[in-house]
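Read the figures in this text as sums done on the coordinates, not as results from a lab. Keep in mind that what you see is a predicted model, and the values were worked out from it rather than measured.
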Amino acid sequence: MADVEIDPEAIAVCKNNLHAPVYRPEEVAGLPGNQFDVVTLWDAIEHFHDPARHLRDACRLLRPGGVLYLRTPNARLFDLTRRYRDSSRSNLYPNEHLYHFTPGPLRRLLEQSGFASVRFWAHGTKGNHLLAGEPFLRLKAPRWGKKLLFHLSHGRINIYPNLVATSRKT
């Protein structure tokens, strides 16, 4: 296990509590490849200046058949909710989130970066602070209803706040 982190406090926690190697993003390119079975990118890819480079690095670090787990805000949901509120306010954090992803472009980016078998999962975050008070979500669609809609549409209709994708190194 290893961690790539930019936050000094998180680096200290990983080193002191997990006793795991911690790397800064600029150090990843120098790491030897084919050493991990799993790479996770939770709420990270939207912050990268060059997401394609980071995905290529993740692919290089994975052993053949290794799996990438990725979560990022679902920009399609935010596009829908923006219609019901003051568009001058954005919950996608424009100063922090450099990229906003929907399933199609994210799938293409993963495939261009060396991943295959891209699959999206229905995933919500209970009490997600990003979506608190969103009029669109006050429709109170039951969780099972959102999941049913997602599966019946073969993942084309995703009204969850996050995109969660898994993919394998080819």
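Kirkwood hydrodynamic radius, the stretch 1-72, all distinct C-alpha pairs: what's the number in Å?
Taking the inverse mean of 1/r over all distinct Cα pairs, the stretch 1-72 comes out at 12.7 Å.
Residue separation times 0.36 nm, minus the C-alpha to C-alpha distance between Met1 and Leu98: what's the value?
Additional length available on full extension: 32.1 nm.
Could you work out the relative contact order of the stretch 1-46? I mean the mean sequence separation of Cα pairs under 8 Å and 6+ apart, divided by the number of residues, in percent.
This gives 35 percent for the stretch 1-46.
In whole Hz, what ³J(HN,Hα) sequence does the stretch 56-67 give by Karplus (6.51, -1.76, 1.60; θ = phi - 60°), x for Gly and Pro?
Working through the residues one at a time gives 5, 4, 4, 5, 5, 6, 6, 6, x, x, x, 10 Hz.
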